[in-house]
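Here's the structure we're looking at; comments come further down.
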Amino acid sequence: MLAEFDLIRHYFTAPGAADSRVALGIGDDATLLVPRAGHELAVSVDTSVTNVHFPDDAPASAVGHRALAVAVSDLAAMGARARWCWMALTLDARRFADEDAADAWLSGYAQGFLGGCAAYDSTLVGGDVTSGTLAISVTVMGDVPTGQALKRSGAVVGDVVAVTGALGGGAGGLELWQRGERDLSHPLLRRYLLPEPRLEAGMALRGLATSAMDISDGLLADLGHIRRASNVDVQLDADAVPLAEGLTAALGADAARRAALSGGDDYELLITIAPENFARAQAALDAQGLALSAVGRCVAPGAVSSGDGSVDAAAGDYHGWQHFAPASATVPGDSR
Ligand SMILES: Nc1ncnc2c1ncn2[C@@H]1O[C@H](COP(=O)(O)OP(=O)(O)OP(=O)(O)O)[C@@H](O)[C@H]1O
Ligand SMILES: Cc1ncc(C[n+]2csc(CCOP(=O)(O)O)c2C)c(N)n1
Ligand SMILES: [Mg+2]
(Lines give C-alpha, C1' and ligand atoms only; values in the text may rest on other atoms or scores of the structure.)
(Ligands and ions follow the chains in the order given, each with its own letter.)
Protein backbone atom coordinates (compact mmCIF):
# COMPACT_ATOMS: atom_id res chain seq x y z
CA MET A 1 0.00 0.00 0.00
CA LEU A 2 1.34 3.42 -0.93
CA ALA A 3 2.01 5.97 1.78
CA GLU A 4 -0.80 8.51 1.86
CA PHE A 5 1.20 11.26 0.15
CA ASP A 6 2.24 8.93 -2.68
CA LEU A 7 -1.34 7.72 -2.92
CA ILE A 8 -2.59 11.27 -3.40
CA ARG A 9 0.07 12.02 -5.99
CA HIS A 10 -0.45 8.73 -7.81
CA TYR A 11 -4.23 8.59 -8.00
CA PHE A 12 -5.60 12.07 -7.43
CA THR A 13 -3.41 14.46 -9.34
CA ALA A 14 -5.94 15.47 -11.95
CA PRO A 15 -4.73 16.05 -15.48
CA GLY A 16 -6.05 18.92 -17.53
CA ALA A 17 -5.61 22.63 -17.78
CA ALA A 18 -4.46 24.54 -14.75
CA ASP A 19 -7.19 26.52 -13.05
CA SER A 20 -6.07 30.15 -13.02
CA ARG A 21 -8.25 30.80 -9.97
CA VAL A 22 -6.31 28.27 -7.89
CA ALA A 23 -3.44 30.32 -6.45
CA LEU A 24 -2.20 27.31 -4.46
CA GLY A 25 -3.57 23.80 -4.98
CA ILE A 26 -2.86 20.30 -3.60
CA GLY A 27 0.31 20.04 -1.53
CA ASP A 28 0.31 22.77 1.10
CA ASP A 29 -1.54 23.12 4.41
CA ALA A 30 -4.48 24.84 2.76
CA THR A 31 -5.71 25.76 -0.68
CA LEU A 32 -5.65 29.37 -1.86
CA LEU A 33 -8.42 30.36 -4.25
CA VAL A 34 -9.29 33.55 -6.08
CA PRO A 35 -13.07 34.10 -6.09
CA ARG A 36 -14.72 35.82 -9.06
CA ALA A 37 -15.77 39.42 -8.55
CA GLY A 38 -19.53 39.94 -8.46
CA HIS A 39 -20.16 36.38 -7.30
CA GLU A 40 -21.04 34.68 -4.05
CA LEU A 41 -19.41 31.38 -3.11
CA ALA A 42 -21.72 28.40 -2.56
CA VAL A 43 -20.18 25.77 -0.28
CA SER A 44 -21.51 22.40 0.86
CA VAL A 45 -20.21 19.10 2.27
CA ASP A 46 -21.67 15.60 1.91
CA THR A 47 -20.43 12.35 3.40
CA SER A 48 -20.96 8.97 1.72
CA VAL A 49 -20.46 5.94 3.98
CA THR A 50 -20.16 2.34 2.83
CA ASN A 51 -23.35 0.31 3.35
CA VAL A 52 -25.20 3.48 4.30
CA HIS A 53 -25.05 5.49 1.08
CA PHE A 54 -23.65 2.89 -1.32
CA PRO A 55 -23.24 -0.90 -1.14
CA ASP A 56 -19.84 -2.09 0.01
CA ASP A 57 -19.48 -4.16 -3.17
CA ALA A 58 -20.48 -1.36 -5.56
CA PRO A 59 -18.03 -0.82 -8.43
CA ALA A 60 -15.25 1.50 -7.28
CA SER A 61 -15.77 3.88 -10.22
CA ALA A 62 -19.44 4.25 -9.25
CA VAL A 63 -18.47 4.95 -5.63
CA GLY A 64 -16.16 7.75 -6.80
CA HIS A 65 -18.64 9.20 -9.24
CA ARG A 66 -21.53 9.06 -6.78
CA ALA A 67 -19.64 10.62 -3.87
CA LEU A 68 -18.87 13.66 -6.02
CA ALA A 69 -22.23 13.81 -7.80
CA VAL A 70 -24.36 13.89 -4.63
CA ALA A 71 -22.19 16.71 -3.26
CA VAL A 72 -22.31 18.71 -6.50
CA SER A 73 -26.09 18.24 -6.51
CA ASP A 74 -26.31 20.74 -3.64
CA LEU A 75 -24.60 23.35 -5.84
CA ALA A 76 -27.12 22.60 -8.60
CA ALA A 77 -29.90 23.15 -6.09
CA MET A 78 -28.51 26.64 -5.38
CA GLY A 79 -28.27 27.56 -9.06
CA ALA A 80 -24.49 27.71 -8.67
CA ARG A 81 -21.76 26.74 -11.11
CA ALA A 82 -19.35 24.10 -9.75
CA ARG A 83 -15.75 25.31 -9.34
CA TRP A 84 -13.72 23.35 -6.80
CA CYS A 85 -13.91 20.30 -4.57
CA TRP A 86 -12.10 18.68 -1.64
CA MET A 87 -12.19 14.95 -1.06
CA ALA A 88 -11.64 13.42 2.39
CA LEU A 89 -11.21 9.68 1.86
CA THR A 90 -11.27 7.12 4.67
CA LEU A 91 -10.02 3.71 3.53
CA ASP A 92 -10.38 0.41 5.34
CA ALA A 93 -6.74 -0.61 5.97
CA ARG A 94 -7.56 -4.35 6.20
CA ARG A 95 -9.51 -4.40 2.97
CA PHE A 96 -6.73 -2.50 1.22
CA ALA A 97 -3.85 -4.53 2.67
CA ASP A 98 -3.50 -6.44 -0.60
CA GLU A 99 -1.62 -4.15 -3.01
CA ASP A 100 -3.25 -5.35 -6.21
CA ALA A 101 -6.73 -5.14 -4.72
CA ALA A 102 -5.96 -1.66 -3.40
CA ASP A 103 -4.63 -0.53 -6.77
CA ALA A 104 -7.63 -1.92 -8.64
CA TRP A 105 -10.08 -0.24 -6.29
CA LEU A 106 -8.27 3.09 -6.11
CA SER A 107 -7.78 3.26 -9.89
CA GLY A 108 -11.48 2.67 -10.48
CA TYR A 109 -12.47 5.07 -7.72
CA ALA A 110 -10.16 7.82 -9.02
CA GLN A 111 -11.48 7.33 -12.54
CA GLY A 112 -15.07 7.77 -11.31
CA PHE A 113 -14.27 10.75 -9.13
CA LEU A 114 -11.97 12.60 -11.54
CA GLY A 115 -14.30 11.80 -14.45
CA GLY A 116 -17.02 13.58 -12.49
CA CYS A 117 -14.68 16.50 -11.82
CA ALA A 118 -14.14 16.88 -15.58
CA ALA A 119 -17.85 16.51 -16.36
CA TYR A 120 -18.96 19.07 -13.76
CA ASP A 121 -16.04 21.46 -14.24
CA SER A 122 -14.97 21.04 -10.62
CA THR A 123 -11.24 21.06 -9.87
CA LEU A 124 -10.02 18.80 -7.04
CA VAL A 125 -7.97 21.22 -4.94
CA GLY A 126 -7.40 19.32 -1.70
CA GLY A 127 -8.59 16.70 0.71
CA ASP A 128 -7.51 14.23 3.35
CA VAL A 129 -6.68 10.51 3.48
CA THR A 130 -7.26 8.48 6.64
CA SER A 131 -7.90 4.87 7.65
CA GLY A 132 -11.14 3.53 9.08
CA THR A 133 -14.52 2.45 7.70
CA LEU A 134 -14.71 3.28 3.99
CA ALA A 135 -16.25 6.75 3.72
CA ILE A 136 -15.86 9.77 1.49
CA SER A 137 -16.57 13.30 2.53
CA VAL A 138 -16.72 15.74 -0.38
CA THR A 139 -16.74 19.48 0.03
CA VAL A 140 -17.81 21.41 -3.02
CA MET A 141 -17.47 25.09 -3.73
CA GLY A 142 -19.19 26.88 -6.57
CA ASP A 143 -20.14 30.41 -7.47
CA VAL A 144 -23.29 32.23 -8.36
CA PRO A 145 -23.81 35.87 -9.41
CA THR A 146 -24.44 37.90 -6.27
CA GLY A 147 -28.08 37.77 -5.19
CA GLN A 148 -29.12 35.10 -7.72
CA ALA A 149 -28.78 31.91 -5.66
CA LEU A 150 -31.90 29.72 -5.43
CA LYS A 151 -32.80 29.35 -1.76
CA ARG A 152 -35.37 27.23 0.04
CA SER A 153 -37.11 30.26 1.45
CA GLY A 154 -38.60 32.10 -1.54
CA ALA A 155 -41.81 30.13 -2.23
CA VAL A 156 -45.06 32.10 -2.04
CA VAL A 157 -48.72 31.09 -1.98
CA GLY A 158 -49.89 30.42 -5.54
CA ASP A 159 -46.54 29.12 -6.80
CA VAL A 160 -46.45 25.91 -8.80
CA VAL A 161 -44.41 23.09 -7.20
CA ALA A 162 -42.41 21.20 -9.82
CA VAL A 163 -39.74 18.53 -10.14
CA THR A 164 -37.12 17.88 -12.83
CA GLY A 165 -36.82 14.49 -14.50
CA ALA A 166 -38.56 11.52 -12.91
CA LEU A 167 -38.52 10.16 -9.37
CA GLY A 168 -38.13 6.81 -7.64
CA GLY A 169 -35.22 5.59 -9.74
CA GLY A 170 -32.72 5.91 -6.89
CA ALA A 171 -34.75 3.80 -4.47
CA GLY A 172 -35.75 1.45 -7.30
CA GLY A 173 -32.10 0.92 -8.21
CA LEU A 174 -31.20 0.19 -4.58
CA GLU A 175 -34.01 -2.36 -4.41
CA LEU A 176 -32.78 -4.04 -7.60
CA TRP A 177 -29.20 -4.09 -6.32
CA GLN A 178 -30.41 -5.77 -3.14
CA ARG A 179 -32.20 -8.36 -5.29
CA GLY A 180 -28.91 -9.15 -7.04
CA GLU A 181 -29.09 -7.05 -10.22
CA ARG A 182 -25.54 -6.08 -11.18
CA ASP A 183 -25.88 -4.80 -14.77
CA LEU A 184 -24.79 -1.16 -14.49
CA SER A 185 -26.44 -0.33 -17.80
CA HIS A 186 -29.84 -0.98 -16.14
CA PRO A 187 -31.51 2.47 -16.05
CA LEU A 188 -32.65 2.11 -12.43
CA LEU A 189 -29.24 0.94 -11.23
CA ARG A 190 -27.71 3.90 -13.04
CA ARG A 191 -30.09 6.27 -11.27
CA TYR A 192 -28.99 4.89 -7.91
CA LEU A 193 -25.25 4.42 -8.45
CA LEU A 194 -24.49 7.01 -11.13
CA PRO A 195 -26.76 10.00 -10.39
CA GLU A 196 -26.27 13.19 -12.42
CA PRO A 197 -26.51 16.51 -10.58
CA ARG A 198 -28.82 18.95 -12.40
CA LEU A 199 -26.23 21.73 -12.65
CA GLU A 200 -27.33 23.18 -15.99
CA ALA A 201 -30.97 23.07 -14.92
CA GLY A 202 -30.21 24.89 -11.67
CA MET A 203 -28.40 27.66 -13.54
CA ALA A 204 -31.21 27.95 -16.10
CA LEU A 205 -33.74 28.33 -13.27
CA ARG A 206 -32.01 31.39 -11.78
CA GLY A 207 -34.40 34.32 -11.89
CA LEU A 208 -37.32 31.94 -12.56
CA ALA A 209 -37.69 29.58 -9.59
CA THR A 210 -38.73 31.18 -6.31
CA SER A 211 -37.14 28.35 -4.30
CA ALA A 212 -35.21 25.18 -5.02
CA MET A 213 -33.57 22.20 -3.38
CA ASP A 214 -32.34 18.80 -4.48
CA ILE A 215 -34.25 15.64 -3.61
CA SER A 216 -31.94 13.45 -1.53
CA ASP A 217 -34.13 12.21 1.31
CA GLY A 218 -37.36 11.79 -0.69
CA LEU A 219 -39.86 14.21 -2.23
CA LEU A 220 -42.20 14.39 0.76
CA ALA A 221 -39.45 14.83 3.35
CA ASP A 222 -37.63 17.39 1.21
CA LEU A 223 -40.84 19.30 0.48
CA GLY A 224 -41.03 19.76 4.25
CA HIS A 225 -37.83 21.84 4.09
CA ILE A 226 -39.27 24.26 1.53
CA ARG A 227 -42.58 24.45 3.39
CA ARG A 228 -40.81 25.32 6.62
CA ALA A 229 -38.26 27.72 5.10
CA SER A 230 -40.89 29.55 3.01
CA ASN A 231 -43.80 29.28 5.48
CA VAL A 232 -46.18 27.84 2.91
CA ASP A 233 -48.08 24.60 2.73
CA VAL A 234 -48.21 22.41 -0.34
CA GLN A 235 -51.15 20.74 -2.00
CA LEU A 236 -49.42 17.85 -3.69
CA ASP A 237 -50.90 15.94 -6.59
CA ALA A 238 -49.15 12.64 -5.95
CA ASP A 239 -50.54 11.16 -9.17
CA ALA A 240 -48.73 13.85 -11.17
CA VAL A 241 -45.31 12.85 -9.81
CA PRO A 242 -43.39 11.42 -12.81
CA LEU A 243 -42.12 7.90 -12.17
CA ALA A 244 -38.68 6.77 -13.35
CA GLU A 245 -38.71 4.66 -16.49
CA GLY A 246 -39.21 0.98 -15.75
CA LEU A 247 -39.98 1.61 -12.07
CA THR A 248 -43.55 0.29 -12.06
CA ALA A 249 -42.53 -2.76 -14.07
CA ALA A 250 -39.69 -3.49 -11.62
CA LEU A 251 -41.43 -2.81 -8.30
CA GLY A 252 -45.18 -2.86 -8.93
CA ALA A 253 -47.45 0.18 -8.74
CA ASP A 254 -47.59 0.65 -4.94
CA ALA A 255 -43.87 0.29 -4.29
CA ALA A 256 -43.09 2.49 -7.31
CA ARG A 257 -45.28 5.29 -5.94
CA ARG A 258 -43.71 4.93 -2.50
CA ALA A 259 -40.20 5.03 -4.01
CA ALA A 260 -41.03 8.21 -5.93
CA LEU A 261 -42.62 9.96 -2.95
CA SER A 262 -40.30 8.96 -0.15
CA GLY A 263 -37.47 6.74 -1.39
CA GLY A 264 -34.81 9.43 -1.83
CA ASP A 265 -31.51 9.17 -3.72
CA ASP A 266 -32.99 10.81 -6.83
CA TYR A 267 -30.97 14.05 -6.92
CA GLU A 268 -33.56 15.77 -9.11
CA LEU A 269 -34.46 19.38 -8.36
CA LEU A 270 -37.61 20.34 -6.48
CA ILE A 271 -38.64 23.92 -7.22
CA THR A 272 -41.41 26.42 -6.72
CA ILE A 273 -42.17 28.92 -9.46
CA ALA A 274 -44.79 31.56 -10.27
CA PRO A 275 -47.41 30.08 -12.65
CA GLU A 276 -46.62 32.71 -15.32
CA ASN A 277 -42.96 31.59 -15.42
CA PHE A 278 -43.59 27.85 -15.53
CA ALA A 279 -43.78 27.47 -19.33
CA ARG A 280 -40.53 29.45 -19.76
CA ALA A 281 -38.72 27.26 -17.24
CA GLN A 282 -40.13 24.16 -18.88
CA ALA A 283 -38.87 25.31 -22.30
CA ALA A 284 -35.41 26.10 -20.89
CA LEU A 285 -35.10 22.63 -19.37
CA ASP A 286 -36.64 20.97 -22.41
CA ALA A 287 -33.73 22.43 -24.41
CA GLN A 288 -31.46 20.42 -22.06
CA GLY A 289 -33.50 17.26 -22.63
CA LEU A 290 -34.89 17.43 -19.11
CA ALA A 291 -38.58 17.36 -18.15
CA LEU A 292 -40.10 19.79 -15.66
CA SER A 293 -43.38 18.50 -14.20
CA ALA A 294 -45.88 20.39 -12.05
CA VAL A 295 -46.73 18.27 -9.01
CA GLY A 296 -48.58 20.69 -6.75
CA ARG A 297 -49.32 24.21 -5.55
CA CYS A 298 -48.19 26.34 -2.66
CA VAL A 299 -51.10 27.23 -0.40
CA ALA A 300 -51.49 29.18 2.82
CA PRO A 301 -50.21 27.34 5.91
CA GLY A 302 -52.93 25.06 7.28
CA ALA A 303 -54.97 25.20 4.08
CA VAL A 304 -54.07 21.75 2.82
CA SER A 305 -56.98 19.48 2.11
CA SER A 306 -56.68 16.00 0.73
CA GLY A 307 -58.27 16.00 -2.67
CA ASP A 308 -57.95 13.32 -5.30
CA GLY A 309 -54.41 12.11 -5.52
CA SER A 310 -53.14 14.35 -2.76
CA VAL A 311 -51.08 12.81 0.01
CA ASP A 312 -52.72 12.09 3.31
CA ALA A 313 -50.32 13.20 6.03
CA ALA A 314 -52.40 11.53 8.74
CA ALA A 315 -51.96 8.16 7.02
CA GLY A 316 -48.22 8.43 7.61
CA ASP A 317 -47.37 9.19 3.99
CA TYR A 318 -44.99 11.98 4.97
CA HIS A 319 -41.69 10.30 5.54
CA GLY A 320 -38.25 10.00 4.04
CA TRP A 321 -34.75 8.86 4.79
CA GLN A 322 -33.56 9.43 8.37
CA HIS A 323 -30.12 8.34 9.53
CA PHE A 324 -31.05 7.68 13.14
CA ALA A 325 -34.31 5.85 12.65
CA PRO A 326 -34.56 2.36 14.17
CA ALA A 327 -33.73 -0.30 11.57
CA SER A 328 -36.59 -1.21 9.21
CA ALA A 329 -39.02 1.17 10.91
CA THR A 330 -41.38 3.28 8.83
CA VAL A 331 -40.39 6.75 9.81
CA PRO A 332 -43.17 9.24 10.19
CA GLY A 333 -41.81 12.66 9.35
CA ASP A 334 -42.97 16.17 9.98
CA SER A 335 -46.47 16.30 8.55
CA ARG A 336 -46.40 20.07 8.24
N1 LIG B 1 -22.82 19.01 11.67
C2 LIG B 1 -23.34 20.14 11.18
N3 LIG B 1 -22.90 21.34 11.62
C4 LIG B 1 -23.39 22.48 11.10
N5 LIG B 1 -24.34 22.54 10.16
C6 LIG B 1 -24.81 21.39 9.68
C7 LIG B 1 -24.35 20.12 10.17
N8 LIG B 1 -24.99 19.15 9.51
C9 LIG B 1 -25.82 19.75 8.64
N10 LIG B 1 -25.72 21.12 8.73
C11 LIG B 1 -26.44 22.12 7.95
O12 LIG B 1 -27.83 21.83 7.97
C13 LIG B 1 -28.44 22.10 6.71
C14 LIG B 1 -29.15 20.87 6.20
O15 LIG B 1 -28.19 19.83 6.05
P16 LIG B 1 -28.47 18.52 5.25
O17 LIG B 1 -27.22 17.71 5.27
O18 LIG B 1 -29.73 17.91 5.70
O19 LIG B 1 -28.62 19.11 3.78
P20 LIG B 1 -29.55 18.61 2.64
O21 LIG B 1 -29.14 19.33 1.40
O22 LIG B 1 -30.97 18.75 3.09
O23 LIG B 1 -29.26 17.07 2.54
P24 LIG B 1 -28.07 16.33 1.80
O25 LIG B 1 -27.01 16.10 2.85
O26 LIG B 1 -28.71 15.06 1.37
O27 LIG B 1 -27.58 17.18 0.68
C28 LIG B 1 -27.34 22.57 5.79
O29 LIG B 1 -27.35 23.98 5.76
C30 LIG B 1 -26.08 22.06 6.47
O31 LIG B 1 -24.96 22.87 6.19
C1 LIG C 1 -26.74 0.84 0.81
C2 LIG C 1 -27.78 1.91 0.88
N3 LIG C 1 -28.81 1.79 1.75
C4 LIG C 1 -29.74 2.78 1.84
C5 LIG C 1 -29.67 3.90 1.04
C6 LIG C 1 -30.72 4.99 1.12
N7 LIG C 1 -30.21 6.25 1.64
C8 LIG C 1 -29.11 6.32 2.41
S9 LIG C 1 -28.76 7.92 2.85
C10 LIG C 1 -30.11 8.50 2.01
C11 LIG C 1 -30.46 9.96 2.01
C12 LIG C 1 -29.39 10.86 1.50
O13 LIG C 1 -28.26 10.85 2.36
P14 LIG C 1 -27.81 12.11 3.24
O15 LIG C 1 -29.06 12.63 3.93
O16 LIG C 1 -26.78 11.59 4.17
O17 LIG C 1 -27.27 13.09 2.26
C18 LIG C 1 -30.81 7.47 1.40
C19 LIG C 1 -32.05 7.62 0.61
C20 LIG C 1 -28.57 3.98 0.15
N21 LIG C 1 -28.38 5.07 -0.63
N22 LIG C 1 -27.65 2.98 0.08
MG1 LIG D 1 -29.46 19.10 -0.65
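Any idea which residue in the stretch 81-136 is farthest from Leu68 (Cα to Cα), counting only those that are in contact with a helix residue (DSSP H, G or I) (Cβ under 9 Å, 6 or more places away or on another chain) and among the basic types (Lys, Arg)?
Going through the qualifying residues, I end up with Arg95.
Filter the stretch 39-80 for residues that are among the hydroxyl-bearing types (Ser, Thr, Tyr) and crowded, with 24+ Cβ neighbours inside 10 Å and give the result. Reasoning before the result, please.
Looking only at the stretch 39-80, we keep the residues that are among the hydroxyl-bearing types (Ser, Thr, Tyr), and these are 44, 47-48, 50, 61, 73.
Of everything in the stretch 39-80, just one residue is among the hydroxyl-bearing types (Ser, Thr, Tyr) and crowded, with 24+ Cβ neighbours inside 10 Å, namely Ser73.
Within the stretch 142-174, can you find the residues that are touching a Cys at 6+ places or on another chain (Cβ under 7 Å) and within 16 Å of ligand 2 (Cβ to nearest atom)?
Result: no residue meets the conditions.
Of the residues in the stretch 47-97, how many are of a type in the set (S, T, N, Q), away from ligand 1 (no atom under 16 Å from the Cβ) and in a helix (DSSP H, G or I)?
1
Find all pairs meeting these conditions: Cβ atoms under 6 angstrom apart; at least six residues apart or on different chains; first residue within the stretch 1-14 and closer than 17 Å to Ala101 by Cβ; second residue part of a helix (DSSP H, G or I) and among the hydrophobic types (A, V, I, L, M, F, W, C).
Met1/Ala102; Tyr11/Leu106; Tyr11/Ala110
Results for (1) modelled with pLDDT of 95 or more; (2) more than 27 Å from His65 (Cα to Cα); (3) within 13 Å of ligand 2 (Cβ to nearest atom); (4) part of a strand (DSSP E or B), shown as yes or no for each residue.
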| position | (1), (2), (3), (4) |
| --- | --- |
| Leu176 | yes, no, yes, no |
| Gly202 | yes, no, no, no |
| Leu220 | yes, no, yes, no |
| Arg227 | yes, yes, no, no |
| Glu245 | yes, no, no, no |
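Can we say Ala80 is touching a Phe, Trp or Tyr at 6+ places or on another chain (Cβ under 6 Å), over 28 Å from Glu175 (Cβ atoms) and in contact (Cβ under 8 Å) with a residue 40 or more places away in the chain?
no
Can you find even one residue in the stretch 221-229 that is outside the structural domain of Asp74 (by TED's automatic domain parsing), of a type in the set (Asp, Glu) and at negative phi? Let's see the steps before the verdict.
So in the stretch 221-229, the residues outside the structural domain of Asp74 (by TED's automatic domain parsing) come out as 221-229.
Now narrow it down to the ones that are of a type in the set (Asp, Glu): 222.
Now drop any that are not at negative phi, which leaves 222.
Yes; the residues of the stretch 221-229 include at least one that is outside the structural domain of Asp74 (by TED's automatic domain parsing), of a type in the set (Asp, Glu) and at negative phi.
Among the residues of the stretch 45-86, which ones are among the charged types (D, E, K, R) and within 16 Å of ligand 3 (Cβ to nearest atom)?
Hits for the stretch 45-86 are Asp46, Arg66, Asp74.
Would you confirm whether or not the stretch 98-118 contains a residue that is over 20 Å from the mean Cα position of the chain (by Cα), assigned by TED's automatic domain parsing to the domain that holds Ser20, within 16 Å of ligand 2 (Cβ to nearest atom) and outside any helix (DSSP H, G or I)?
No, that holds for no residue.
Within the set of pairs 6 or more residues apart or between chains, which connect a residue that is within 16 Å of ligand 3 (Cβ to nearest atom) inside the stretch 154-178 to a residue that is among the aromatic types (Phe, Trp, Tyr) and at pLDDT 95 or above with Cβ atoms less than 8 Å apart?
That search, which allows pairs on different chains as well, returns Gly170/Tyr192; Gly170/Tyr267.
Within the stretch 245-290, track down each residue that is within 18 Å of Arg179 (Cα to Cα), polar (S, T, N, Q) and touching a strand residue (DSSP E or B) at 6+ places or on another chain (Cβ under 7 Å).
none
Pick from the stretch 249-265 the residues that are part of a loop (DSSP other than H, G, I, E, B) and under 16 Å from the mean Cα position of the chain (by Cα): which of them is nearest to Pro195 (Cα to Cα)? Working first, answer last.
Within the stretch 249-265, the first condition is being part of a loop (DSSP other than H, G, I, E, B), and the residues that meet it are 252, 263-265.
Now narrow it down to the ones that are under 16 Å from the mean Cα position of the chain (by Cα): 263-265.
Numbers: Gly263: 14, Gly264: 12, Asp265: 8 Å.
Out of the qualifying residues, it is Asp265.
If Arg94 satisfies every condition in (1) at pLDDT 95 or above; (2) over 19 Å from Glu268 (Cβ atoms); (3) over 22 Å from the mean Cα position of the chain (by Cα) but one, which is the exception?
It is condition (1) that Arg94 fails.
So, Ala60, is that one touching a helix residue (DSSP H, G or I) at 6+ places or on another chain (Cβ under 9 Å), over 22 Å from Gly126 (Cβ atoms) and among the hydrophobic types (A, V, I, L, M, F, W, C) or not?
no
The values are calculated or read from the model by the stated rules, or taken from the named source; none is laboratory data. Here the structure is a predicted model, which means the values were calculated and not measured. Don't worry about glycine lacking a Cβ; one is built from the backbone with ideal geometry, like all the others, and counts go over all protein chains shown.
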